[in-house]
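The values are calculated or read from the model by the stated rules, or taken from the named source; none is laboratory data. Treat the numbers as computed from the prediction; the structure is a model and nothing was measured. Here the Cβ positions follow ideal geometry from the backbone for every residue, glycine too, while neighbour counts run over all protein chains shown.
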Amino acid sequence: MQEETNGGAIDLEAEWRGMQRRLVERLKGGQKSDLADGVVDLDTRVYTDEARFAAERQRIFREEPMLVAFSRELAEPGDRVVFDAAGPPIVVIRGADRSLRAFLNMCTHRGARLVNDCKPSKGLLCPFHGWTFALEGELSGVPLAQAFEGIDRKALGLVRVPVAEWNGMVFVKAQPGEDQIDVEAFLGPIAPLLTALDLGSLDKVRADRLDLRANWKLALDMGREVYHVPFVHRNTIGRNLHANVAIFDCYGRHNRFSGASLDFDELVGTPEEEWPEMRYQGVHYLFPNVTLSFTHVFDGKTPVVTMSRVFPGDSIGEAMTLMATYKRGGADAAPDEQVAALHDAVLGIVGSEDYSVAETVWQNISNGAQHMKFPLGRNELLVQRYHRDVAERIGMPLP
Ligand code: FES
Ligand SMILES: [Fe+2]
């Protein structure tokens, strides 16, 4: 495992070469995976305790920056994205001045929801009584204005929500306010790597929502280790991956994993100068809830990214995942139909393979029969760290 602390620009090719070397070492050696220092016991109350759940919803999902989109989804004035998953209904809009603003998706007359879709528009029209708002949030029109004489129109603009756009990534904080989001401080040592990934050049090809009956952290745990792959994904992704081969990198609270596909066999025992060309691939985890899987899976040169975000549901035993697949804009070599088919396949695997197991875990631990301590292995180090980071963020020590 590597612990990253330094900044500076990153050359993705050199980065990938370093990762390949480490993966080849893992393949050749007896120790297949980067390992944590020790086994950590995890009390099942981290999933079932209502007080923790309430603290997670507030301290994490309202107070941490939430990734809502990549910039090309909101490229032009009037483009917008709606975001309800963290709690309050939010709409992010690009103004005529090309800056992004975010607001509660709520009319200031009597509270109706303003927009439901992402269709671009020149302003926002409330469907209840027809008040209109400019892209910049000001109240711009009131039908039958004489009935509202004397109101302070300035005070009736849309309610602001913090938003920031950084290197093609758009973040909000899911509560009203005008504070600045310091994205670089939030990302810390993973910022240079995300800059190199150039996520602002990506076009969204397909998006879906997946619900599950389990605590939200069980959904995230599934994606943070590969120990389960030979069993849960025996007939799908497990077929093309070396079992348990894994390298992990930690960037503060954010992480990266990479595994070895079977074509890494060609690299073992071959001098590095003769390695066939392969491009960067990795799975990036942004605290608290984002997974960015970055590959060149189609033609070896077109970046394809699957972004998945997990959110708590209305109760402690419900969660939701928003999953979307993107490709680098203007890349014809990876036709949209193929990218969409990949998206559907990944969605199917996550739903029917990963989440169906997570739901059995939830059924077993949530019936109140028994608290347990689960031993998280040294190879499950991202799961270990993740629970530690969540506990730290909510200010409640691990039980
Ligand atoms: S609630 Fe929007 S115009 Fe009345
Ligand atoms: Fe999985």
Restricted to region 111-139, and to residues that are among the small types (Gly, Ala, Ser) and crowded, with 17+ Cβ neighbours inside 10 Å, which residue is nearest to ligand 2 (Cβ to nearest atom)?
GLY137
Residues located in region 294-326, provided they are out of contact with any helix residue (DSSP H, G or I) (no Cβ under 9 Å at 6 or more places or on another chain) and acidic (Asp, Glu):
ASP299, ASP314
Being within 27 Å of GLY317 (Cα to Cα), in contact with a strand residue (DSSP E or B) (Cβ under 6 Å, 6 or more places away or on another chain) and either modelled with pLDDT of 95 or more or of a type in the set (D, E, K, R) (or both): is that true of VAL68 here?
yes
Where in region 162-262 are there helices (runs of 4 or more DSSP H), lying wholly inside it, with at least 3 residues that are under 23 Å from THR325 (Cα atoms) and away from ligand 1 (no atom under 16 Å from the Cβ)?
191-197, 216-222
Exclusive hit being surrounded by 18 or more Cβ atoms within 10 Å (Cβ to Cβ) and within 16 Å of ligand 1 (Cβ to nearest atom), set THR44, THR108:
THR108
I'd like to know if region 306-329 contains one or more residues that are assigned by TED's automatic domain parsing to the domain that holds GLN58, outside any strand (DSSP E or B) and within 23 Å of VAL170 (Cα to Cα).
yes
Suppose we filter region 275-300 for residues that are without any contact (Cβ under 8 Å) to a residue 60 or more places away in the chain and in contact with an Asp or Glu (Cβ under 9 Å, 6 or more places away or on another chain); how many remain?
2
Can you name the residue in region 176-220 that is out of contact with any strand residue (DSSP E or B) (no Cβ under 9 Å at 6 or more places or on another chain) and either of a type in the set (Gly, Ala, Ser) or within 11 Å of ligand 2 (Cβ to nearest atom) (or both) and is also farthest from VAL339 (Cα to Cα) among such residues?
ALA185
The number of residues in region 228-269 that are buried (at least 17 other Cβ atoms within 10 Å of the Cβ), touching a Ser or Thr at 6+ places or on another chain (Cβ under 8 Å) and more than 23 Å from LEU193 (Cβ to Cβ) is 2
